[in-house]
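Have a look at the structure below before the remarks.
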Amino acid sequence: MTAIKAHPPVQNFINGQFDRNGQPSMDVLSPVDGSVISTIPMSGKEEVDSAVQAARAAFPSWSDMTLKERVQIFFRYRQLLEDNKDELAALVQQENGKTFDESMAEVNKSIELCEFTVSMPQIVTNEIQEVSKGVECRIERKPLGVVACITPFNFPNMVPHWTVPNALVLGNTLVLKPSELVPLSAVRMAELLKEAGLPDGVFNVVNGGKEVVEAICDHPEIKATSFVGSTRVAKIVYKRATSNLQRCVALGGAKNHLLVLPDANVDMTANNVVASMAGCAGQRCMAASVMVGVDKVQHIIDKMVLEAKEIVPGKNLGSVISKEAKERIEKYISEAEARGAKILVDGRNAIVEGKEDGFYVGPTIIDYVKPEMAVAQEEIFGPVISIIRAKDLDEAIKIENSSNYGNAAAVFTQDGGLAKKVIDKASAGMVGVNIGVPVPREPFSFGGWNESKFGVSDITGKSSVEFWTQNKKTTTKWNPEDKRDWMS
C-alpha cells in the first residue's frame, strides 16, 4: 500500500499554464483513509470560456499539422506514461481508492489506448475513386474544432484516455472537465502532454462541478462533447448539449446481468463472477450486478461464497469513493434483507485497521432476490451482486431484457448453442461468454445500449473517428475536352 500524501492545490490548466483563477475551493479527500489530500477550484462559465478561447486560438496551427506529425507527440507521451507508471498508479490509488494493482492495470490500459492512437495513420486513410472519365471524388477526414470531455471518478486515468488522445490526434483542440472527486490524474496528464511537446492551448483542464458541465454544454464554440457518468446526468448532458447544436455521446450507468447455467465450469465461473462483482470495489459500469442462476446452480453459488470470503477490504479490495457512497450501498443491502432476500456474504460495516476513516464496503452476495427489488433494478456501484433464480434460459433472458440498462451481459456455459442464444437475445451492447467483464480491446469500441448510452457512434476504438471528425467531399475534373457523360 502506497502511503497517502497531501498534494499542492489543484489548478486549472489553460493555454499551457496552471492557474487557480481565484475560485472558491473544495477539499479533495482520499477514500483510502478519509484524509484531505488537496483542494480544487470550483470554476464556472468564465474559466470554461477562457479554456475554449485558448483552444480556439490553438486550433488553426494544430489542425494544419499532418496526422503523422501530431502522432509523433503521442509516441513521446505514451513513453512518458510508461516511464511514470508507478507514480500515476499511486495517484489513482490515492484519489480513487483502488488497490495498487488495480490502479496499475488502469494506467496500463491508458498506455494501450495511446498505442491505438498512434496507429491512426494506418486507420484514417482518405478515400479516392475515379467516378467518371477524368473525374475523381475524394473524402477526407477533418477535425471539428474545439471539443470537450466530461469524465467520471471511477477511472481517473483511463477514461480521459478513452477520448483525449484520439480527439487531439485527429486535429481537434480540447477542454477536459474531470470529476471534482479525482482531479490529480488530470493534472499529471496535462504536465506529461506538455512535456511530450503538445502546443499550448491544444489541451485544457477546467475543474469544478455542475456549473462547469453546464457551461460546456451551453458554449456555442464547442462542437462536440463526450460524457461518462450516471444515466441520470447522461440524459441531462445529452439533451442540453444537443439542444445547443453540439454532437454528443453520453455514456450512462449499467445493471449488468451474468447468466449462469448448470453446466458452467465451476471454478472459472465462480472466480469470474466474484471478480467482476468486486473488482475496483464494484465501481465500474462493466461490473457484475445481477447473477441469474438458471435451474440447478447451487454448487456454483457455494463456490462463489468461498471466493468472496477471500476478498478482504484494505488488502485485495479497495475503498468506495465516499462516505455517501458507502452509506448508499449499505442501504441497498439492508433493504433487500428486509424484503426477504438472503445475505450469503455481508460486506456492511467494514472497517480497515489503521484506516478507520476510510470508506470501505466488503464483498456482498445476496441470494433469492426478486426481480422487482431495488437491488435487482438500480445501479448500486459497489461490490454487491444479487442472485435471481430462473427455471430455464428463456426466463433468464427475459429477466435480462427487462432491465432499462444495456451496457453488458454475459453467459457462463460450456454449450455453444446456448451461448449463441444469449448473444443473439441479450439486450446489451457488450456481451461476454465465460467472461465476467466483457470489455472490448482496441480497435473495437466501448459502448452500451438502451439507457446505458445516448447518442450515435462511440468515443473509443475505430468508431471514435466518426465522432471526432467530419467528412470533406471533393470532386475534381481537369479534362474540359471530355464531355461524354452527365458529370461534364
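Every read-out reported here was derived from the displayed coordinates using simple, explicitly stated rules and does not represent laboratory data. Treat the numbers as computed from the prediction; the structure is a model and nothing was measured. Positions of Cβ are backbone-derived with ideal geometry, glycine not excepted, and every protein chain shown enters the neighbour counts.
The table that follows gives values for the structure above.
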quantity: Along principal axes, Cα extents of the chain, largest first, whole Å; calculated: 82, 59, 40
quantity: Lys/Arg +1, Asp/Glu -1 at C-beta; the chain dipole; positive extreme among S322, F359, V456; calculated: V456
quantity: Residue-by-residue Karplus 3J(HN,Hα) for region 127-143, coefficients 6.51, -1.76, 1.60, Hz, glycine and proline x; calculated: 9, 8, 8, 7, 8, 7, 4, x, 10, 10, 10, 9, 10, 10, 8, 10, x
quantity: Positive-end extreme of charge dipole, region 256-433 - chosen from G417, M268, I343 (charges on Cβ); calculated: G417
quantity: Under 5 Å, built H, 5+ apart or other chain: amide partners of M26; calculated: I40, M42
quantity: Magnitude of the charge dipole, region 256-433, Cβ model with Lys/Arg +1 and Asp/Glu -1, debye to 20; calculated: 100 debye
quantity: DSSP bridge orientation in region 339-488 - percent antiparallel, rounded to nearest 5; calculated: 30 percent
quantity: Ranked M104, M430, criterion: other C-beta atoms within 10 Å, fewest first; calculated: M104, M430
quantity: Angle in degrees between helix 67-83 and the longest Cα principal axis of the chain, rounded to the nearest 10; calculated: 30 degrees
quantity: Counted charge near G145, where neighbours are those whose Cβ lies closer than 9 Å (Asp, Glu -1; Lys, Arg +1); calculated: +1
quantity: Percent antiparallel among DSSP beta bridges (both partners in the chain, rounded to 5); calculated: 40 percent
quantity: Peptides ranked, highest mean first, by Cβ atoms within 10 Å: ranges 11-18, 338-345; calculated: 11-18, 338-345
quantity: Simple Cβ-charge dipole of the chain, Lys/Arg +1 and Asp/Glu -1, about Cα centre, in debye nearest 20; calculated: 1060 debye
quantity: Simple label model, 7 Å out from Cα along Cβ direction - Q17 to A374, nm; calculated: 4.9 nm
quantity: Projected-area average for region 256-433 over all orientations - Cα convex hull basis, square nanometres; calculated: 9.1 nm²
quantity: Cβ-Cβ FRET estimate between D101 and K472, R0 fixed at 56 Å, reported to 0.05; calculated: 0.75
quantity: R247 long-range amide H proximity, modeled H, under 5 Å; calculated: A224, T225
quantity: Residues whose placed amide H lies under 5 Å from that of S230, excluding near-sequence neighbours; calculated: none
quantity: R328-F444 FRET efficiency (beta carbon distance; Förster radius 35 Å; 0.05 resolution); calculated: 0.60
quantity: Total charge dipole magnitude, region 176-302, about the Cα centre, Cβ charges on Lys, Arg, Asp, Glu only, Debye to nearest 20; calculated: 440 debye
quantity: Helix-only [θ]222 nm of the chain, DSSP H runs n ≥ 4, -39500 (n - 2.57) each, per residue, nearest 500; calculated: -11500 deg cm²/dmol
quantity: Paramagnetic label zone (point 7 Å from Cα along Cα-to-C-beta, Q72; backbone N under 20 Å) in region 174-211; calculated: 192-203
quantity: Residues K355, K391 arranged by fewest to most Cβ contacts within 10 Å; calculated: K391, K355
quantity: Farthest positive-ward along the chain dipole, Cα basis, beta-carbon charges - from P160, L144, I300; calculated: L144
quantity: In sequence order, calculated HN-Hα J values of region 174-183 (Karplus, 6.51, -1.76, 1.60; Hz; x Gly/Pro); calculated: 8, 10, 9, 10, x, 4, 5, 7, 9, x
quantity: Share, in percent, of DSSP beta bridges within region 256-433 that are antiparallel, nearest 5; calculated: 10 percent
quantity: Nearest-0.05 FRET efficiency for D218 and E140, computed from C-beta distance (R0 35 Å); calculated: 0.70
quantity: In order through region 393-401: 3J(HN,Hα) via Karplus (6.51 cos²θ - 1.76 cosθ + 1.60), integer Hz, x for Gly, Pro; calculated: 5, 4, 5, 4, 5, 4, 5, 4, 5
quantity: Approximate spin-label separation N349-V131, in nm, with each point projected 7 Å along Cα-to-Cβ; calculated: 7.2 nm
